[in-house]
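*Asks:* Let me give you the structure first, and then I'll get to my questions.
A short reminder: the numbers here are calculations on the coordinates, not readings from a lab. Here the structure is a predicted model, which means the values were calculated and not measured. As a convention, Cβ positions derive from the backbone with ideal geometry for all residues, glycine included, and neighbour counts pool all protein chains shown.
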Amino acid sequence: MKNAVISSTGLWTPPHSISNEELVEAYNAWADNWNRERDADIASGLIEPKTHSSVEFIEKASGIKSRYVMNKTGVLDPDIMAPRIPERPNEQISVLAEIAVNAARQALERAGRKPEDVDAVICAASNMQRAYPAMAIEVQQALGIGGFAFDMNVACSSATFGIQTAADFVRTGSAKSVLMVNPEICSGHLNFTDRDSHFIFGDVATAVLVEEESIAPAGYWKILGTKLKTEFSNNIRNNFGFLNRAAPEGIGAPDKLFKQEGRKVFKEVVPMVSKMISEQLDELSLQGTDLRRLWLHQANANMNRLISTRVLGHEASADESPTVLDTYANTSSAGSIIAFHKHSEDFKPGEKGLICSFGAGYSAGTVFVEKTA
Ligand code: COA
């Protein structure tokens, strides 16, 4: 069995950012219009009026202050309330693959790796632009990589599942260098007219280069252990799919977009993930205090506070459990990778940390790492 390591990471951030203030203003204008159009039914008590969203609620309940998006004007237009991303001809790379390529180039450059040195590409994300050809194959072609490529989807846990899949290819000798990308255009499946969740997601792309230890550049990250878990839950759903073509309510209908029971998710996922991390620490003969930093999934700041307290035995400082939620919001599978990418340069050789994701499925993944010289 070979040793798999993380050689480098890459991050691509969209150029447009939307603040909570801007988002709430758009939502409230949309809600006012909706109420105005139904004022007779509301006055007669037939339907409930839409109530306003609030900047204060969003920040307090989630820790989110702003998010990056691929298209700002559509999302903020009360008559549209969705990103407007033009379709592309078949001859052009898809937008999902394009943003993955942007992040991938940075990861390759940081590792001093040429595309021809890479053996495989995995595109691991919570929403794929289409069924096939795979976005991963487009990335492979755009970069000039040989070998093989495929897409996989484990919702918010796609990146940790992707890292373990890549590491398993390396461990068994199927590949020496695997590029794992997470293009997440979460604004595409977010219902911007749903007050409970319109603020949750943002767009981004991340990349992780997983390689055999013998070829990795200096300063790589040893992968000490990985663990994956899934457990069925109806509390986070996205019913969009190829069988919905004839759905009477149409593909843009609320049922075909992101939907969650946020409070239930919070309550059920915190103990599940804390337990999983503790068990994996035991298996690796490590204590929570051996971990210099936790790069947790970025869905909710309060949730991360609870998980890190259970793992470390005390409330984590911003240094021990950094957040990127304030600027990026929830970027599904990419969240913990953004946190790792932005907050790992200060690690000294021998220091250990944990990349951890959790989300729909339910699904959860842990990747314990140690910095080398
Ligand atoms: N503005 C103002 N008030 C709002 C609001 C908004 N945008 N959205 C909801 N509220 C109100 C609710 O109507 C409710 O009011 P009530 O008490 O009068 O009924 C109140 O705020 C609390 O709502 P609730 O949904 O219970 O809030 P919460 O504290 O659970 O926070 C989340 C909501 C989504 C931020 C939180 O549950 C969460 O992040 N959960 C985990 C989600 C997760 O990890 N998902 C994985 C996704 S990949």
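*Asks:* Once Rh for the range 1-157 is found with the Kirkwood sum over Cα pairs, what is the Stokes-Einstein diffusion coefficient at 20 °C and 1.002 mPa s, in µm²/s?
*Replies:* Calculated translational D: 112 µm²/s.
*Asks:* Now for a separate question. Long-range amide H contacts for VAL118: which residues qualify at under 5 Å (H placed 1.01 Å from N, peptide plane, sequence gap of 5 or more or a different chain)?
*Replies:* It is GLY146, by chain and number.
*Asks:* Another question, if that's okay. If N is the number of residues in the chain, what value comes out of its Cα radius of gyration divided by 2.2 N^0.38 Å?
*Replies:* Relative to the rule-of-thumb radius for its length, the chain sits at 1.00.
*Asks:* For the range 6-48 and the range 113-191, what is the centre-to-centre distance using only Cα atoms, to the nearest Å?
*Replies:* 31 Å
*Asks:* While we're on this one: Per the Kirkwood formula on distinct C-alpha pairs, the Rh of the range 134-223 is how many angstrom?
*Replies:* About 14.9 Å for the range 134-223.
*Asks:* Hey, which lysines would be in cross-link range of LYS264, C-alpha to C-alpha under 27 Å, not counting anything within fewer than 8 residues on its own chain?
*Replies:* List returned: LYS50, LYS60, LYS65, LYS227, LYS229, LYS256, LYS275.
*Asks:* Give the value in nm², to one decimal: projected area of the alpha carbon convex hull of the range 64-161, averaged over all directions.
*Replies:* Its average projected convex-hull area is 8.1 nm².
*Asks:* Beyond 18 Å, what share of the Cα-Cα pairs of the range 221-371 is found? Please give it as a whole percent.
*Replies:* 59 percent
*Asks:* Further question on the same structure: For a quick check of your reading of the filter: which GluC sites (Glu not before Pro) in the range 68-167 sit in a DSSP loop and have no more than 16 other Cβ atoms within 10 Å?
*Replies:* Counting only loop positions with at most 16 other Cβ atoms within 10 Å, the GluC sites (Glu not before Pro) in the range 68-167 are GLU87, GLU91.
*Asks:* Helix-only mean residue ellipticity at 222 nm, the chain, DSSP H runs n ≥ 4 weighted -39,500 (n - 2.57), per residue, nearest 500. What is it?
*Replies:* Taking each H run of at least 4 residues, the total per residue is -10000 deg cm²/dmol.
*Asks:* Sort 175-182, 278-285, 100-107, 294-301 by packing, meaning the average of other beta carbons within 10 Å per residue, with the highest value first.
*Replies:* 175-182, 294-301, 100-107, 278-285
*Asks:* How many angstrom separate the Cα center of the range 196-239 from the Cα center of the range 319-373?
*Replies:* 8 Å
*Asks:* Taking the alpha-carbon distance from LYS352 and a cut-off under 16 Å, which aspartates and glutamates remain once sequence neighbours fewer than 8 residues away in the same chain are dropped?
*Replies:* Once the sequence-local aspartates and glutamates are set aside, what remains near LYS352 is ASP282, GLU283, ASP290, ASP319, GLU320, GLU370.
*Asks:* When a/c reaches 1.5 or more, the comparison of a/b and b/c decides; with that in mind, is the range 173-245 rounded, prolate or oblate per its Cα gyration tensor?
*Replies:* Prolate, because a/c is 1.5 or more and a/b exceeds b/c.
*Asks:* Could you tell me which chymotrypsin sites (Phe, Trp or Tyr not before Pro) in the range 171-253 are loop residues by DSSP with no more than 16 other beta carbons within 10 angstrom of their beta carbon?
*Replies:* Of the chymotrypsin sites (Phe, Trp or Tyr not before Pro), the ones in loops of the range 171-253 whose Cβ has at most 16 other Cβ atoms within 10 Å are PHE232.
*Asks:* Relative to the present Cα-Cα distance, how much length would full extension add between GLU59 and LYS2 at 0.36 nm per residue of separation?
*Replies:* So the extension gain works out to 16.0 nm.
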